[in-house]
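Worksheet: one structure, shown below.
The values are calculated or read from the model by the stated rules, or taken from the named source; none is laboratory data. This is a predicted model, so every value here is computed, not measured. FYI the Cβ positions are ideal-geometry reconstructions off the backbone, even for glycines, and counts take in every protein chain you see. Just the protein is used for accessible areas: all its heavy atoms, side chains included, with ligands, DNA and RNA removed. Shrake-Rupley method; radii C 1.70, N 1.55, O 1.52, S 1.80 Å.
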Amino acid sequence: MSWFVLVLSGVLEAVWATALGRSEGFSRLTPTVVFGISLALSMAGLAYAMRELPVGTSYAVWVGIGAVLTVLIAMVTGEEAVSAVKVLLLAGIVGCVIGLKVLH
């Protein structure tokens, strides 16, 4: 269950990071509310997962998932350029996250 919660928390990290960028300095209500709620849920899930998983592994997985999804969202929405090298590097992060799960 801890791994499931950790992955979900990583997804929520991408949500709050994206919402933060779209809040325009907290001047737009909807993205600001999405940011606050997803941030709180993401942190709570990370804390829950850390009760059973090592801190370093938990944090690396959480950041890795959040970072990859944040970049993918930006690519899909056209806010960030897509390149083969960038996609390959993101796949490397995903591979590392999977490796941490396998080793645990």
Single condition Thr30 does not satisfy, out of (1) surrounded by 12 or more Cβ atoms within 10 Å (Cβ to Cβ); (2) within 13 Å of Thr18 (Cα to Cα); (3) over 17 Å from the mean Cα position of the chain (by Cα); (4) not acidic (Asp, Glu): (1)
Every pair of residues 6+ apart whose Cβ atoms lie under 8 Å, when the first sits in the stretch 82-104 and is in contact (Cβ under 8 Å) with a residue 60 or more places away in the chain while the second is aromatic (Phe, Trp, Tyr) and open to solvent by 60 Å² or more (accessible area, probe 1.4 Å): none
Thr57 part of a helix (DSSP H, G or I), among the β-branched types (Val, Ile, Thr), touching a residue at least 24 places away in the same chain (Cβ under 8 Å) and open to solvent by less than 40 Å² (accessible area, probe 1.4 Å): yes
Any hit, the stretch 66-75, residues being assigned to a helix (DSSP H, G or I) and over 18 Å from Leu20 (Cβ atoms): no
Qualifying residues in the stretch 76-97 (those that are in contact with a helix residue (DSSP H, G or I) (Cβ under 8 Å, 6 or more places away or on another chain) and part of a helix (DSSP H, G or I)) - the one nearest to Ala49 (Cα to Cα): Val97
Every residue from the stretch 33-54 that is free of Cβ contacts under 8 Å to residues at least 40 places away in the same chain, of a type outside the set (S, T, N, Q), part of a helix (DSSP H, G or I) and surrounded by 15 or more Cβ atoms within 10 Å (Cβ to Cβ): Val34, Phe35, Gly36, Leu39, Leu41, Met43
Pairs where the first residue, in the stretch 12-32, is in a helix (DSSP H, G or I) and the second is open to solvent by 70 Å² or more (accessible area, probe 1.4 Å) and not polar (S, T, N, Q), C-beta under 6 Å, 6+ apart: Leu12/Leu41; Pro31/Arg22; Thr32/Phe26
